[in-house]
Amino acid sequence: MAETETLESSPHPPQLSDDNPTGNEDQDMLDADKSAKDSDSDSQSDSDSDSEDDARQNTQIQALKTELLNNPCNYDSHVQYIKALRKQGDIPKLRQAREAMSAIFPLSSEMWQEWTKDEISLSSGLDALPTIEKLFDCGVSDYLSVALWCDYLSFVQEHDHSVRTLSAAGISKARNLFERALVAAGLHVAEGSRIWELYREFEQAIFLTIDETDADSREKQVQRIRNLFHRQLSVPLADLCSTLLTYKAWEAEQGANIDGESSNLDGLSPQVASSYQKSLDMMNVRTHLENQISHKVAPESERLQHFMDYLKFEQSLGDPARIQILYERAITEFPISSELWLDYTHYMDKTLKTSSLVRDIYKRASRNCPWVGELWVRYLLSLERGRASEDELSAVFEKSLQCTFSSFEEYLDIFLTRVDGLRRRLSLLTSGAESSNLDYIIIRETLQRASDYLSPHLKNTDSFLRMYRYWARLESTLGKDLVAARGVWERLLKISGSVLEVWQGYIAMESEMGNINEARSLFKRCYSKRFPGTGSEDICNSWIRFEREYGELDNFDLAVKKVTPRLEELQLFKLQEAKNVSVSADDGDNSSRKNVREKRKPVSNLIEEQSPAKRHKDKAKNVKIISEDGEGHAKEPVKVNNKKPDVAASKSVSGSKKENKDAASGKPQQYNDQCTAFVSNLNLKATHDDIRRFFSDVGGVVAIRILTDKFTGKSRGLAYVDFLDDKHLAAAVAKNKQTLLGKRVSIAKSDPKGRKKGNAAPGTSLKQGDNADQTTESSKSDAKNSAEGSEDGFQPFSHHRASNIQLKGKNTFAMPRAVRPLGWVDKDKPKPKESDSVEDENPKSNDEFRKMFIKS
């Protein structure tokens, strides 16, 4: 009934249509509802997926933002952050991110093209024109990009109303911009013709707007276009032949009798034909070089070398414009090649020197390779040559100090370059050549900053000493303050008072200024100090020579009186040290020769075959001999030649290590014999003092042993360095591959246990049947211990050696019988019981001996 009412109420019966041929409208409605539900479900699913993508994208953006806050110099994070914001469409944040990155890094041409296109699509009206033009100017100044220049030119022609309407001001603006583009990229062999073509098209558009009745204006414009063709044909570009055909076709349109489809030079003026042929020859010479640098598949190092070869070729021809454009092409391909930037700036310094162009190149170089200290040094010098203001120089100097360099020497070079410039400008002010508010206090503050920052890292180095010497001289000459100059030297003495050159420099300043008494007092302060190498002798002899040249006879006598005992002491110590080294070398040679012989003989035979002289020598050395009982416990030492063991020598040697005092705690330092570093690839001229200075920043050096040749006595480039503990040893090993006296030394932890199985470690006992190599290892250990003793306590070698020789086991040929004097009683031995007593007990008197003989 309801259905009938529905049909009746319908004003029109159901109609058939192409969409509903069956007329089943209810079914169609059901299908439509189902389709709508499916569509809603899909929409909901897409919405959920989009929400997840948005959440993931927001998380990524927040993480990148946090990373840039912590490390604003992370180039990759900047790039990813900009891409994420561009994908999200957050225009204000995207613009801010691009500006932040551009302030720190130069942007690639692709990034500049994206930025300018985004700004063009978002901006409209004349107000946006200067902003976008400024973006283009920044972009073309970062790297050479023909594509970006073409975008710039097209933008101005399209969006600048004055240029678009070809007003006089607009035409002048466009022509100036085209000339800038030609200077920047017109000589680009591969792509430069694109700018030439745009320039010609612009001029031809102007020609079409000139009224036909204005013959003079039309002729001038034709000549302008012809001149552009002539200029382009004189430049070696990749599509030179097609440019010639275009030119001939254009001349034919102007009514010239010339074949526009032929590539020959017929119909051209002699000047044009000659220029074209010359540029064609130049292009043919460069074709193979262009092919090499355009080969993108080749490794970067190979392509960079191709660019360098190309540059050498252009430099041999001597065209600065072509050389510079090739440098710019290379920089675009390899923007962070420090070698390329250094070469580029060096060439521009040599060619242009004071040009503002050179200053701009240095600015770009410092932005691309801020970690190269030499670029900053050259940058400061370039600014000084160009008469830059003090504010600009100061800004560049401060910016350089914010960079991270590979060595502290680079920081020192920048500080000194800044001081040099200040000194030169202050000298000009003093002479009246310039007027400025520059004051010497700036130099003092700069040197003070350098000292505070670099003294923990460069103290005791020659470069640091030169800076202080320079500082003291400036205080006395420019600052006119002798007290301040002395204060500089006194400050350096507190930092590097153990360096001889510091005292010599201080004394030299006082002597040159005629302050004899002050110089003499410095000699009195330092003559008794211990300096590395022959420094102590040198300072003593310098004092005598000083008094001979400057002092009175009484002063000379006093110097001799004080210096003579000191020289004798130093000479005695030198002889003792030489003796220790000689004995150590002899012991090492004997051990090496003995090792070969002992490999074929058992230990017992080796001992029995010793010569009488050798046995006599062993006895004379007061060798302490120790044997072992069955339980492996060492018995009491037995003396040879009825002499008392040298207990004092033994104690002095064993206690020498305990005498090293810890400066911080005041307690004796203990070090492990295994805390030894093996140093190889040493300079053959390296001395103990050189090695000790090399490890001065590590500290904890206990002993140094340089291995020498047994025949010549010269260094073998190898050394062992003992340290107090594992901490100092680890710090020393970390200096591996650093340079000492011009050579990169190798440093590794010495592993005395890493030897053949069966070899005894130093100090272990030798038992019958052991490998004969153990004797050699023991001798090596003795040599090592002797060297340690001589370094620490300067003990005689023979005493130290005797305290470590141990002959144990059954082969005790050198072991005297335990003959005891009559009446000797072992108080520590328990008294035997009466039942355990034997008849043949050792006699206690001569009478008992007689009774025994009488009984027999």
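Rank these by accessible area, largest first, 1.4 Å probe: I442, I323.
Details: I442 50, I323 0 Å².
Final ranking, largest accessible area leading: I442, I323.
Tell me the GluC sites (Glu not before Pro) within region 243-298 that lie in a loop according to DSSP and have at most 13 other beta-carbon atoms within 10 Å. Show your work: numbers first, answer last.
On the way: sites: E251, E253, E261, E290; in loops: E261.
Sparse-neighbourhood loop GluC sites (Glu not before Pro): E261.
What shape does region 138-241 take by its C-alpha gyration tensor, where a ≥ b ≥ c are the square roots of the eigenvalues and a/c under 1.5 counts as rounded, a/b above b/c as prolate, and the rest as oblate?
Details: a/c = 2.69, a/b = 1.31, b/c = 2.05.
Taking the square roots of the gyration eigenvalues as a ≥ b ≥ c, region 138-241 is oblate.
Please give me the summed charge of the neighbours of A97: other residues whose Cβ is under 11 Å from its Cβ, Lys and Arg +1, Asp and Glu -1.
Neighbourhood net charge equals +4.
How high is the FRET efficiency from N541 to K749, r the C-beta distance, R0 35 Å, rounded to 0.05?
Numbers: r = 41 Å, r/R0 = 1.18.
With a Förster radius of 35 Å, E is 0.25.
Under the rule a/c < 1.5 gives rounded, and otherwise a/b versus b/c splits prolate from oblate, where does region 301-414 land using the Cα gyration tensor?
On the way: a/c = 2.47, a/b = 1.44, b/c = 1.72.
Note, shape of region 301-414 comes out oblate.
I'd like the Kirkwood hydrodynamic radius of region 505-583, using the inverse of the mean 1/r over distinct C-alpha pairs, in Å.
One decimal place: 13.4 Å for the Kirkwood radius.
What nm distance separates the two modelled labels at K134 and K399, each placed 7 Å from Cα along Cα→Cβ?
1.8 nm
Å³ per residue of the Cα convex hull, for region 296-363? All intermediate terms of the calculation are to be shown ahead of the outcome.
On the way: hull volume 5.5 nm³, N = 68.
Taking the convex hull of the Cα positions in region 296-363, it is 81 Å³ per residue.
What number comes out for the charge environment of A748, summing +1 per Lys or Arg and -1 per Asp or Glu over other residues with Cβ under 12 Å away? All intermediate terms of the calculation are to be shown ahead of the outcome.
Values: positive: K735, K737, K749; negative: D751.
For residues surrounding A748, the net value is +2.
Based on Cα positions only, what radius of gyration and what Dmax would you give for region 220-327, in angstroms?
Values for region 220-327 (Cα only, Rg and Dmax): 17.0, 53 Å.
Averaged per residue, what accessible surface does region 325-476 expose to a 1.4 Å probe, in Å²?
Numbers: 6880 Å² over 152 residues.
Normalised by residue count, the accessible surface of region 325-476 is 45 Å².
Any idea what the dipole of region 496-583 comes to, in debye rounded to 20, about its Cα centre with Lys/Arg Cβ at +1 and Asp/Glu Cβ at -1? If you can, show how the numbers build up before the last one.
Working: 12 positive and 14 negative charges, 78 e Å.
Roughly 380 debye for region 496-583.
Could you calculate the FRET efficiency of N284 with L245 from 1/(1 + (r/R0)^6), where r is the beta carbon distance between them and R0 is 22 Å, rounded to 0.05? Mind dumping the intermediate values first?
Values: r = 18 Å, r/R0 = 0.81.
Computed FRET efficiency for N284 and L245: 0.75.
How large is the charge dipole for region 440-492, taken about the Cα centre, if only the Cβ atoms of Lys, Arg (+1) and Asp, Glu (-1) carry charge, to the nearest 20 debye?
Numbers: 9 positive and 6 negative charges, 20 e Å.
Result for region 440-492 is approximately 100 debye, rounded to the nearest 20.
On the full set of protein chains, 1.4 Å probe, figure out the accessible area of W471 and give it in Å² to the nearest 10.
10 Å²
Rank D151, D439, D118 by accessible area, highest first, at a 1.4 Å probe radius? Don't skip to the end; give the middle numbers.
On the way: D151 50, D439 80, D118 30 Å².
Heavy-atom accessible area, descending, gives D439, D151, D118.
Counting other Cβ atoms within 10 Å of each Cβ, which chymotrypsin sites (Phe, Trp or Tyr not before Pro) in region 697-752 have at most 15 and sit in a DSSP loop? The partial results should precede the final answer.
Working: sites: F711, Y720, F723; in loops: F711.
Hits after loop and neighbour filter: F711.
Please work out the Cα center distance from region 696-728 to region 118-163, rounded to the nearest Å.
One Cα centre to the other: 67 Å.
State, to one decimal in nm, how far the label point of R224 lies from the label point of I441, with both points 7 Å from Cα in the Cβ direction.
According to this spin-label approximation, the distance is 5.9 nm.
Provide the packing ranking of 100-109, 77-86, i.e. peptides ordered by the mean count of other C-beta atoms within 10 Å per residue, highest first.
The packing order, highest mean first, is 77-86, 100-109.
Need one number: nm distance between label points at I120 and L575, each 7 Å from Cα along Cα→Cβ, rounded to one decimal.
Output for this residue pair reads 9.2 nm.
Top to bottom by accessible area (1.4 Å), largest first, where do E568, E314 land? Each step should come with its number before you reach the end.
Details: E568 125, E314 5 Å².
Reading off the accessible areas and sorting them downward yields E568, E314.
Could you count how many Lys pairs in region 112-257 have their Cα atoms under 29 Å apart, skipping same-chain pairs fewer than 8 positions apart? Mind showing how you got there, number by number?
Values: K117/K134; K117/K173; K134/K173; K173/K220; K220/K248.
Step by step, the pairs that qualify in region 112-257 add up to 5.
Divide the volume of the convex hull of the Cα atoms of region 63-140 by its number of residues and quote the answer in cubic angstrom per residue.
On the way: hull volume 6.7 nm³, N = 78.
In region 63-140, the Cα convex hull volume per residue is 86 Å³.
Would you work out what percent of the accessible area of region 676-730, with all protein chains in place, is carbon or sulfur (probe 1.4 Å)?
52 percent
May I ask for the Rg/Rh ratio of region 336-493, computed from Cα atoms with Rh as the Kirkwood radius, given to two decimals? List each step's numbers first, then the result.
On the way: Rg = 16.4 Å, Rh = 16.6 Å.
Result for region 336-493 is an Rg/Rh of 0.99.
Counting only the heavy atoms of the protein chains, how much of R545 is accessible to a 1.4 Å probe, in Å² to the nearest 10?
110 Å²
Mind pulling the per residue volume of the convex hull built on the Cα atoms of region 446-554? Å³ is fine.
Numbers: hull volume 10.5 nm³, N = 109.
Value for region 446-554: 96 Å³ per residue.
Hey, any idea what % of region 160-261's accessible area is carbon plus sulfur with a 1.4 Å probe?
So the carbon and sulfur contribution to the accessible surface is 49 percent.
Given the C-alpha centroids of region 206-220 and region 484-532, what is the distance between them in whole angstrom?
Spelled out, the Cα-based centre of one part sits 86 Å from the other.
Could you compute the net charge surrounding E398? Neighbours are other residues with a C-beta less than 14 Å from the C-beta of E398; K and R count +1, D and E count -1. Show your work: numbers first, answer last.
Details: positive: K399, R418, R449; negative: E390, D391, E392, E445.
Here the charged neighbours net out to -1.
Counting only heavy atoms of the protein chains, get the accessible area per residue of region 181-284 (1.4 Å probe) and round it to a whole Å² value. Don't jump to the answer; show the numbers that get you there.
Values: 5330 Å² over 104 residues.
Per-residue accessible area for region 181-284 comes out at 51 Å².
Taking all protein chains as present, what is the carbon and sulfur share of the accessible area of region 419-508, in % to the nearest whole number, probe 1.4 Å? Don't skip to the answer; put the middle values down first.
Numbers: 2170 of 4310 Å².
Heavy-atom surface of region 419-508 belonging to carbon and sulfur, 1.4 Å probe: 50 percent.
The values are calculated or read from the model by the stated rules, or taken from the named source; none is laboratory data. Please read all numbers here as calculations on a predicted model, not as lab measurements. Methodologically, a virtual Cβ is constructed for each residue, glycine included, from the backbone with ideal geometry; neighbour enumeration extends over all protein chains shown. Accessible surface is based on the protein model in full, side chains and every heavy atom, while ligands, DNA and RNA are left aside. Shrake-Rupley method; radii C 1.70, N 1.55, O 1.52, S 1.80 Å.
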